[in-house]
Protein chains: 2
Amino acid sequence: MERHHFEADLEALKHRLLHMGSLVETLANKALVALMERRAELARAVLEGDAAVNALQIEIDDRCLKMLALQQPMATDLRLITSAMKMGADLERIGDQAVNIAETALRLLETPPLKPVIDIADMADIAQKMTRDALDAFVRRDSALAREVLERDDRVDHLKDRVFRVLLTHMMADPGTIERALGLILISRNIERIADHATNIAEDVIFLVEARDVRHHHTAE
Amino acid sequence: MERHHFEADLEALKHRLLHMGSLVETLANKALVALMERRAELARAVLEGDAAVNALQIEIDDRCLKMLALQQPMATDLRLITSAMKMGADLERIGDQAVNIAETALRLLETPPLKPVIDIADMADIAQKMTRDALDAFVRRDSALAREVLERDDRVDHLKDRVFRVLLTHMMADPGTIERALGLILISRNIERIADHATNIAEDVIFLVEARDVRHHHTAE
């Protein structure tokens, strides 16, 4: 197969990954807005939207395998294709987390709201920005931006611990809040996992650009 | 490079994956025994043991990339190598879950035990057997066994929901149990994720053996 054909395949692969990324960002955002603004219809849209993300992951894997089999790529191209498979897997799991958040949000919307937990909104903002920036870093082959994404993961972990302590205190002070506080704790864990997947994607970008494996030199999940 | 050299590389790759699998199984088992038998030294061993798992994932990825670059494998060999990368990622995350369980177990061991939750022990047994069987299915290229693994994931989800309801009831009846019950709920989620990763591995085995993508035709995470 000719080189320009291969280049076109690589471009198409990148576009599909970015399309998947923007779908997944939208799902995560809808799930979080559903929670914060108590809009059940948005949570239901997330549950319906996940199938498209799953289909995209299968398509991306399939493209990658075909390119590996037919084109025998080397060096950077090889890293791009194997990274694309990993990024597809991480994006798919961000979609799963959006679904988990939407499901818990639907349950929470059946009860009166608990006092808003500011830290959850902050966590959500950081995790969503990490996802977006990891994808931007991929598009622009910007390993400096990818490194910035890695640094933000600690902040998310810190907020997660604080959310846990605040909600635990709530529950102990007023057992009537237990079920709702528990739901929010689980959602904070889902957001933490979104940040972890964004971290994985940022690590893939660094590997792609610098051919250097930076995994496990940061905080573990 | 010659074919017999490539065969030797493939064999070495499989051995390293199995080695990683058995390390990860041991970590998960230690974390759960630490919880059930209240043995803090086992939980601490899990925290120390995770670095070896992380190192193995990097090594396996590196082997795979080299084989892809140097050998230009086709068909089954290509699927084996890309599946190995995915399986390595899932095994590494099972290791992360073992660490999460060990950390929570260490916190729980500082307080008197809550009434044992039988369902958590059952979940743990199923999830560990799923992991072991998924790896066995890989070794024996046994897609029937891999399909059995997939079927067991529903049972884990069902137990997870029951654990949640039982512990929620505990917490509401006796707020003094809130912190401990919460720890057990988080551990049940970690076990659920181990089962999810075992499911992913089983799906990779089916793809490897049958060249058929069965993802998302089962229960999502």
request  = Could you list all residues from region A:100-125 that are of a type outside the set (A, V, I, L, M, F, W, C), in contact with a helix residue (DSSP H, G or I) (Cβ under 8 Å, 6 or more places away or on another chain) and in a helix (DSSP H, G or I)?
outcome  = A:ASN100, A:GLU103, A:THR104, A:ARG107, A:ASP119, A:ASP122
inquiry  = Only one of B:GLN128, B:GLN97 is assigned to a helix (DSSP H, G or I), among the polar types (S, T, N, Q), touching a residue at least 24 places away in the same chain (Cβ under 8 Å) and in contact with a Lys or Arg (Cβ under 8 Å, 6 or more places away or on another chain). Can you tell me which?
reply    = B:GLN97
Index of the failed condition, B:ALA98 passing every other in (1) under 30 Å from B:LEU13 (Cβ atoms); (2) at pLDDT 95 or above; (3) of a type in the set (A, V, I, L, M, F, W, C); (4) surrounded by fewer than 21 Cβ atoms within 10 Å (Cβ to Cβ) = (4)
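A quick yes/no check of all residues on (1) without any contact (Cβ under 8 Å) to a residue 12 or more places away in the chain; (2) hydrophobic (A, V, I, L, M, F, W, C):
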residue: A:MET87; (1), (2): no, yes
residue: A:ASP90; (1), (2): no, no
residue: A:ALA102; (1), (2): no, yes
residue: A:LEU106; (1), (2): no, yes
residue: A:GLU110; (1), (2): yes, no
residue: A:PRO113; (1), (2): no, no
residue: A:ILE120; (1), (2): no, yes
residue: A:ALA124; (1), (2): no, yes
ask   = What is the number of the single condition among (1) surrounded by 20 or more Cβ atoms within 10 Å (Cβ to Cβ); (2) closer than 21 Å to B:LEU184 by Cα that B:ASP90 does not meet?
value = (2)
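Among the residues of region A:175-187, is there at least one that is more than 21 Å from A:GLU110 (Cα to Cα) and within 11 Å of another protein chain (Cβ to nearest Cβ)?
Step one: filter region A:175-187 for residues more than 21 Å from A:GLU110 (Cα to Cα), giving none.
Scanning region A:175-187, I find no residue that is more than 21 Å from A:GLU110 (Cα to Cα) and within 11 Å of another protein chain (Cβ to nearest Cβ), so the answer is no.
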ask   = If you check B:THR169 against the conditions, is it free of Cβ contacts under 8 Å to residues at least 60 places away in the same chain, polar (S, T, N, Q), assigned to a helix (DSSP H, G or I) and surrounded by fewer than 22 Cβ atoms within 10 Å (Cβ to Cβ)?
value = yes
message = I'd like to check something: does region B:56-74 contain any residue that is crowded, with 19+ Cβ neighbours inside 10 Å and over 23 Å from A:ALA211 (Cα atoms)?
response = no
message = I want to confirm something. Restricting to region A:25-50 and keeping residues that are touching an Asp or Glu at 6+ places or on another chain (Cβ under 9 Å) and within 14 Å of another protein chain (Cβ to nearest Cβ), which single residue is nearest to A:ASP136 (Cα to Cα)?
response = A:LEU27
note = Across region A:185-216, the tally of residues that are over 17 Å from B:ASN54 (Cβ atoms) and of a type in the set (Phe, Trp, Tyr) stands at 0
message = If A:ASP204 satisfies all but one of (1) more than 11 Å from chain B (Cβ to nearest Cβ); (2) over 22 Å from B:VAL163 (Cα atoms), what's the number of the condition it fails?
response = (1)
message = Being modelled with pLDDT under 95, in a helix (DSSP H, G or I) and either over 26 Å from A:PRO113 (Cα atoms) or among the small types (Gly, Ala, Ser) (or both) is true for just one of A:HIS19, A:HIS4. Which residue is that?
response = A:HIS4
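Could you look through region B:105-149, keep only residues that are within 13 Å of the chain's Cα centre (by Cα) and buried (at least 21 other Cβ atoms within 10 Å of the Cβ), and pick out the one that is nearest to B:GLU37 (Cα to Cα)?
B:ALA124
Just to be sure before I move on: is B:LEU150 more than 30 Å from B:ARG16 (Cβ to Cβ) and either modelled with pLDDT under 95 or among the aliphatic types (A, V, I, L, M) (or both) in the structure I sent?
Working: more than 30 Å from B:ARG16 (Cβ to Cβ): no; either modelled with pLDDT under 95 or among the aliphatic types (A, V, I, L, M) (or both): yes.
So B:LEU150 fails the test.
Could you grab me the full set of residues in region A:67-76 that are at the interface with chain B (Cβ under 10 Å from one of its Cβ atoms) and on the phi < 0 side of the Ramachandran plot?
A:LEU68, A:ALA69, A:LEU70, A:GLN71, A:PRO73, A:MET74 - these are the residues of region A:67-76 that are at the interface with chain B (Cβ under 10 Å from one of its Cβ atoms) and on the phi < 0 side of the Ramachandran plot.
The values are calculated or read from the model by the stated rules, or taken from the named source; none is laboratory data. Everything numeric here is computed off the predicted structure, so don't read it as measured data. Please note: Cβ atoms are built from the backbone with ideal geometry, for glycine as well, and neighbour counts cover all protein chains shown.
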